[in-house]
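Q: Structure in structure tokens, see below.
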Amino acid sequence: MQFNAHQFKNVAKPIAKQIVQLKENVIKKTLTNISKDITLHAPEYLQTHYATNLLILENEIDRLSALKAVNPQVRDEEIEFFQSQLNSFKLALNHSINRIDAIRLIITT
């Protein structure tokens, strides 16, 4: 069966509100479990997916430092800029806040 959005109809707001009220405990429990999973897995996810950016910044710092050794035109400010970016990036990774901004509740019968 192929999904076709036109097959489905929106539920009237009062009915949707009643359904949510009836299932409120289940919804809250599910959100609590999701929040726990996010808290558990987010640090690993962030480290894995942002490792590339860390490497890029570290490589640029190394490249500029090596270049400065043979070329006095490379300014300390350039290296310090990337070092500052790297420090800020690491700080953001270590102090990230997990939150659920929105949920979409789909009710099927």
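Q: Provide LYS13, LYS68 in ascending order of the number of other Cβ atoms located within 10 Å of each residue's Cβ, fewest first.
A: LYS13, LYS68
Q: Along the charge dipole of the chain, which of ASN33, ASN59, ILE15 sits closest to the positive end, that is, farthest toward it, with unit charges on the beta carbon of Lys, Arg, Asp and Glu (+1, +1, -1, -1)?
A: Comparing the listed Cα positions along the dipole, ILE15 ranks first.
Q: Which of the lysines could a cross-linker bridge to LYS68, judged by Cα under 24 Å and excluding same-chain residues fewer than eight apart?
A: Reachable lysines: none.
Q: Let me ask you something else. Per DSSP helix of 4 or more residues, -39500 (n - 2.57); summed, then divided by the residues of the chain. What does that give at 222 nm, rounded to the nearest 500?
A: -24500 deg cm²/dmol
Q: Before anything else, pin down the relative contact order of region 29-99: Cα pairs under 8 Å, at least 6 apart, normalised by residue count, whole percent.
A: Across region 29-99, relative contact order equals 42 percent.
Q: What ranking of HIS95, HIS41 emerges when the number of other C-beta atoms within 10 Å of each C-beta is taken as an exposure proxy, fewest first?
A: The fewest-first ordering by Cβ neighbours comes to HIS95, HIS41.
Q: If you plug each phi of region 15-20 into the Karplus form 6.51 cos²θ - 1.76 cosθ + 1.60 with θ = phi - 60°, what whole-Hz ³J(HN,Hα) values come out, in order, with x for Gly and Pro?
A: Calculated HN-Hα couplings, in order: 5, 4, 4, 4, 4, 5 Hz.
Q: Fewest to most neighbouring Cβ within 10 Å: what's the order for ARG63, ARG99?
A: The fewest-first ordering by Cβ neighbours comes to ARG99, ARG63.
Q: Given a Förster radius of 22 Å and the C-beta distance between TYR45 and GLN85 as r, what FRET efficiency does 1/(1 + (r/R0)^6) yield to the nearest 0.05?
A: In this case the efficiency is close to 0.55.
Q: Students often forget the sequence filter, so: which aspartates and glutamates lie under 13 Å Cα-Cα from LYS29 once same-chain residues fewer than 8 apart are removed?
A: Output for LYS29: ASP37.
Q: What is the dipole size for region 17-109, taken about its Cα centre, with +1 at each Lys and Arg Cβ and -1 at each Asp and Glu Cβ, in debye to the nearest 20?
A: That gives a dipole near 800 debye.
Quick note: the coordinates plus some simple rules give every number you see, no bench work behind them. Since this is a predicted model, take the numbers as computed values, not measurements. Every residue, glycine as well, gets a Cβ built from its backbone with ideal geometry; the counts of neighbours run over all protein chains shown.
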